[in-house]
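First comes the structure, then the notes that go with it.
The values are calculated or read from the model by the stated rules, or taken from the named source; none is laboratory data. Everything quoted here is computed from the prediction, not taken from an experiment. We place every Cβ from the backbone using ideal geometry, glycine too, and count neighbours over all the protein chains shown.
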Amino acid sequence: MGFSFKPWLLSVMGAAMMAVQPAAAQETLRIGAPLPLTGPLSPEGLKQQRGYDLWAETVNGKGGIEVGGKTYNVEIVYVDYESNTPRAVQTAERLITNDKVNFLFAPFGSGAAKAASSVAERYQIPMIAATASSSSVYDQGYKYLFGTFTPNQTLTAPLTNIVADSGQGVKTVAIYARNDLFPLAIANEMKASAEAKDLEVVSFAEYAIGTMDHASALTLMLQSQPDWVFITGYINDLILMRRQMADLGIKPKVLTMIAGPAYKEFIDATGPLSQNVTSAAWWHPAVSYEGKDLFGSTANYVKAFEDKYGATPDYAEASASAAGAILQLAIGDAGSIDPTAVRDALAAMDTVTFYGNVRFDETGQIDSLEPPVFQIQDGTTKTIYPEAVKQGEMRYGDIQ
Amino acid sequence: MVPAAIEPTRYSMLYAQILLNGLVLGGLYACIAVGFSLVWGVLNVINILHGSFVVLGSYIAYFAYVHLGIHPFLSVILAGGALFALGYVVQAGLINRVVGAPVLTTLVLTFGLDLILNNGMIVAFTADYRTVQLAHPLGSTVVGGLVLPLDRLVAMLLACVLTVILYFVLVRSSIGRAIVAVRMDREAAALMGVNVKRIYAITFGLGALMAGAAGSLLSLIFPISPLNGSEFLGIAFIVCVLGGLGSISGAIVGGLALGAIQSFGALLIGPQHGLTIAFVLLIILLIFKPTGIMGRRGYE
């Protein structure tokens, strides 16, 4: 009975497939993406997933990737590694050996990306890291790892140069950092950047994760009357602190906060207190690049993202989409999906995307990207740097 | 950590300011903790829901302000009333069924209910941080060289007023006397004709009311998100152990002590260690005076 049943079923399935698919036979390009979809890092993992999904949908919506006489639909194979780094490494290996993925997107952050990069190297599968900024991820001599975040100091040095050279008499800096991996690293880079420009760091304090009151620390900070207050933390820390600064009447000439003001939520939550707060991120929807990638321009990308998710993309989401767009460009340059050819194309890449200029240094980390410095002026975010995408002049004082 | 540049005359001002910061914070801490202490003291239930009740109170204040223009100081009544009703129903419908069981059973029940309430709030309100932005904030003023953040100060004073009202309710009203009686001896109170289950429900409702009222006041100060529930619960826990369980004065002393310890700890050892010091003191206290600063004498 089974034998008489099968041909009938197959013919129906075949007809169904003919109806759905375009005339040309399509193959599937599989990209493995181990992500922390559950656990403490899940908000970040879900952001990356949104970025990848938008890219994959856009590619497939435009008929896939044509290369070497074939057309490939993109399929992203997600595996949840539960915010557990060792599992991220196992997952990356399983994606290569079991799921036979053609390429990899790295797990979240510097630590997990570094751990998984050894697997990609061993199997010679190109891996693009969308959220790893630490230089120590890239200086292992690996050939198959590429990253779309510049090193941390690229977030602090341009702003320091602008402020120090402004002639506004900014001489002293107070730094206040969340005692957490990325916020503390950025604060240390800020200290180095400030000292390099002969600014005096009058205080450098840390606060614990989960701190619900900053009055004492801010009262102390007020004693040294800093010209520039530089604070790192996540959005809830920064909203709370911004309000307590206003309560205590701390009004420096320059107030910089990383990494909350990149989100629109920060402006909504602080209202007039957001006035003239400066920040920096690897990307911001306010920048504008005419790219050679599938999204075309920053504005197109932002619109596509808003249409799909009803929200403005942030730098992590954009970086994930950019990882896909860059991989696609490299496949085009290589003229094949052969891992080694694509790896060479990535290494030789020098182009522009919606995300910014894309060129990787010899370690594989992007070195062409100029992370924008921006300032919230009258409730909207204005890019101050780099010159090419500048929307306004840096303002001093007028901190509420 | 005190900058060497400060001249000696300014030290006293600095310390006074730090003390003020600590006391204002401590008053708010006391208000967070007092309902938690009441429920723990009377029902012997460690109410893991308490932090989420505070957050729910904040959301009520937030939406009342955004949609109806009601100032959070006034939505204390709204949030308190709503949370009382919720607390009463939860206790009468669920917790009363297991209230005689070992403390671990009620702990697990309230833990489970907290997961439901907290995740329910994440689904309903998202985990995004919101804040109440007053159209006319009171701002801050300087009195004798001390900066007084007025909104915070008024919130703290209102918190103290609420706590005092709760105290008088327990001491003067017949319901209050019944709660105290149940707290002292459940069986004896039942023999005297007190409906113990109803008193439990009212007590849990009052605990939730205080949480909701505190949440409403805190909506002016802290960013609002379901993720803060566990922070508030942690504070309530430390304050209760520090001050002593089951008494309102204990919650006040514990709250003010925690606020002051955190503030001076931040000043003397560094802001990253403020909480560490509070916990170290907690451990010392548990070793040498396990009943807390104010002992454990009931609501008399």
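Just a few scattered comments:
- Conditions (1) surrounded by fewer than 16 Cβ atoms within 10 Å (Cβ to Cβ); (2) at pLDDT 95 or above; number of the one not met by residue A:30: (1)
- Residue A:269 within 9 Å of another protein chain (Cβ to nearest Cβ), crowded, with 21+ Cβ neighbours inside 10 Å and either within 20 Å of residue A:386 (Cβ to Cβ) or modelled with pLDDT under 90 (or both): yes
- Failed condition for residue B:124, given (1) modelled with pLDDT of 90 or more; (2) more than 17 Å from the chain's Cα centre (by Cα): (1)
- When residues in segment A:119-158 are screened for being in a helix (DSSP H, G or I), modelled with pLDDT of 95 or more and small (Gly, Ala, Ser), 1 of them pass.
- Residue list for segment A:110-127, filter: surrounded by fewer than 24 Cβ atoms within 10 Å (Cβ to Cβ) and either free of Cβ contacts under 8 Å to residues at least 12 places away in the same chain or not hydroxyl-bearing (Ser, Thr, Tyr) (or both): A:111, A:114, A:115, A:119, A:121, A:122, A:124, A:125
- Listed conditions (1) acidic (Asp, Glu); (2) closer than 19 Å to residue A:257 by Cβ; (3) touching a Lys or Arg at 6+ places or on another chain (Cβ under 9 Å) are all met by residue A:393, apart from (2).
To keep it simple, each residue is scored yes or no on (1) modelled with pLDDT of 85 or more; (2) more than 25 Å from residue B:153 (Cβ to Cβ); (3) touching a strand residue (DSSP E or B) at 6+ places or on another chain (Cβ under 8 Å); (4) of a type outside the set (Phe, Trp, Tyr).
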site: B:238; (1), (2), (3), (4): yes, no, no, yes
site: B:242; (1), (2), (3), (4): yes, no, no, yes
site: B:247; (1), (2), (3), (4): no, yes, no, yes
site: B:254; (1), (2), (3), (4): yes, no, no, yes
site: B:260; (1), (2), (3), (4): yes, no, no, yes
site: B:264; (1), (2), (3), (4): yes, no, no, no
site: B:267; (1), (2), (3), (4): no, no, no, yes
site: B:277; (1), (2), (3), (4): no, no, no, yes
site: B:281; (1), (2), (3), (4): no, yes, no, yes
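- Single residue of segment B:185-235 satisfying the filter (under 22 Å from residue B:152 (Cα atoms) and part of a loop (DSSP other than H, G, I, E, B)) that is farthest from the other protein chains (Cβ to nearest Cβ): B:219
- The selection criterion, being at positive phi and outside the structural domain of residue A:327 (by TED's automatic domain parsing), does not hold for residue A:141.
- Qualifying residue in segment A:87-103 (condition: within 21 Å of residue A:149 (Cα to Cα), at pLDDT below 95, of a type outside the set (A, V, I, L, M) and assigned by TED's automatic domain parsing to the domain that holds residue A:143): no
- Residue A:341 being surrounded by fewer than 24 Cβ atoms within 10 Å (Cβ to Cβ), aliphatic (A, V, I, L, M) and without any contact (Cβ under 8 Å) to a residue 12 or more places away in the chain: yes
- Taking segment A:334-361 as the range and being β-branched (Val, Ile, Thr) and not in a loop (DSSP other than H, G, I, E, B) as the test, the residues that pass are A:340, A:342, A:351, A:352, A:353, A:358.
- Residue check, residue B:60 under 18 Å from the mean Cα position of the chain (by Cα), surrounded by fewer than 20 Cβ atoms within 10 Å (Cβ to Cβ) and of a type in the set (A, V, I, L, M, F, W, C): no
- Residues (buried (at least 24 other Cβ atoms within 10 Å of the Cβ) and more than 7 Å from chain B (Cβ to nearest Cβ)) located in segment A:225-240: A:226, A:228, A:229, A:230, A:231, A:232, A:233, A:237, A:238
- Of B:242, B:258, all but one fail to be buried (at least 23 other Cβ atoms within 10 Å of the Cβ), touching a residue at least 24 places away in the same chain (Cβ under 8 Å) and within 11 Å of chain A (Cβ to nearest Cβ); the exception is B:258.
- Some residue of segment A:285-302 being at the interface with another protein chain (Cβ under 10 Å from one of its Cβ atoms) and either surrounded by 21 or more Cβ atoms within 10 Å (Cβ to Cβ) or touching a residue at least 24 places away in the same chain (Cβ under 8 Å) (or both): no
- Residue match in segment A:70-81 (condition: touching a residue at least 40 places away in the same chain (Cβ under 8 Å), not assigned by TED's automatic domain parsing to the domain that holds residue A:189, not hydroxyl-bearing (Ser, Thr, Tyr) and not in a strand (DSSP E or B)): no
- Count - residues of segment B:97-153 that are in a loop (DSSP other than H, G, I, E, B) and of a type in the set (Ser, Thr, Tyr): 3
- Matching residues in segment A:172-224 - criterion: being within 14 Å of another protein chain (Cβ to nearest Cβ), polar (S, T, N, Q) and crowded, with 21+ Cβ neighbours inside 10 Å: A:211, A:216, A:219
- Assessment of segment B:3-11 against the conditions (crowded, with 24+ Cβ neighbours inside 10 Å, in a helix (DSSP H, G or I) and aromatic (Phe, Trp, Tyr)) yields no matching residue.
- When segment B:26-54 is filtered for residues that are outside any loop (DSSP other than H, G, I, E, B) and either under 18 Å from residue B:176 (Cα atoms) or of a type in the set (Asp, Glu) (or both), the ones remaining, listed by number, are B:34, B:35, B:36, B:37, B:38, B:39, B:40, B:41, B:42, B:43.
- Qualifying residues in segment B:149-164 (those that are among the aliphatic types (A, V, I, L, M) and buried (at least 18 other Cβ atoms within 10 Å of the Cβ)) - the one nearest to residue A:216 (Cα to Cα): B:153
- Flag for residue A:317 being more than 25 Å from residue B:147 (Cβ to Cβ), under 19 Å from the mean Cα position of the chain (by Cα) and surrounded by fewer than 22 Cβ atoms within 10 Å (Cβ to Cβ): no
- Qualifying residue in segment B:262-280 (condition: more than 14 Å from chain A (Cβ to nearest Cβ) and over 26 Å from residue B:139 (Cα atoms)): no
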